[in-house]
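The numbers here are math on the coordinates, done by the rules we state, and not lab data. As the structure is a prediction and not an experimental result, all values here were calculated from the model. When we count neighbours, we look across all protein chains shown, and the Cβ atoms used for this are built from the backbone with ideal geometry, even at glycine.
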Amino acid sequence: MNPSDDIALVTQVVVFRNTRAFDKLVGKYQSPVRRLLLHLTCGDSELSDDLAQETFLKAYTGLTSFRNLAGFSTWLYRIACNTFYDYLRGRKETTSLETLAANAHHAVRQDDVGQQMDIYRALAILKEPERACITLFYMEDQPIEKIAAITGYPAGTVKSHLSRAKDKMATYLKQNGYDGNR
């Protein structure tokens with residue numbers, strides 16, 4: 001499915017209220033949105049599922065505001081990031097990222113849990129804008145320009161966030177036994 005297919009599906013949803021067309025969009029973007037949120041939540045799969053569901057609800061109810069100034073995926077990633085930031089603002093006084101990382105320790109069940117947890121712990125030390133930029137760039141393979149459109153930061157700011165995030169993560173991982181030869 002290419003970007004023009006996305007526009008055709010959006011049109012079907014907005015004009016004809018075709019929910020099956022929206023189902024196709026969800027099917028296409030569900031895994032990437034969930035993966036992005038999984039990294040932003042430092043591995044908390046239950047929270048990332050909840051935020052992904054909320055993202056798609058917001059996208060569906062706000063689909064008439066989509067203007068095709070950027071691609072549908074850029075618009076959807078922006079909603080996902082904003083949904084994550086809304087969650088953080090709402091939980092600021094009761095939950096810290098360290099708590100999210102600790103919860104992720106119990107939520108992640110993969111072959112190499114230790115290495116995965118080290119990555120999530122390294123992500124947890126980053127500020128939210130740095131984590132969003134590094135996740136979009138390295139884990140979602142998004143170009144700088146698209147990250148700028150998703151986050152609303154100028155391209156130069158995105159590059160600065162990426163540079164700082166790489167430095168912080170490298171320092172953290174070196175202090176925890178990773179020598180860069182892995």
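Annotations
- Crossing angle, helix 155-175 versus the chain [Cα axis fit, 0-90 degrees, rounded to tens]: 40
- Point-to-point label distance, L57-A170, nm (Cα→Cβ direction, 7 Å offset): 4.2
- With neighbours defined as other Cβ atoms within 10 Å of a residue's Cβ, the residues M117, M169 order from fewest to most as M117, M169.
- Label-to-label distance for N18 and K127 is 4.5 nm, based on points extended 7 Å past Cα in the beta-carbon direction.
- Computed over the chain, the per-residue total of -39500 (n - 2.57) for DSSP H runs of n ≥ 4 gives a 222 nm mean residue ellipticity of -23500 deg cm²/dmol, rounded to 500.
- The share of C-alpha pairs in the chain whose separation exceeds 30 Å stands at 22 percent.
- Degrees separating the helix 19-40 axis from the principal Cα axis of the chain, which is the longest one: 10
- On the beta carbon distance between E145 and V113, with R0 = 30 Å, the FRET formula returns roughly 0.30.
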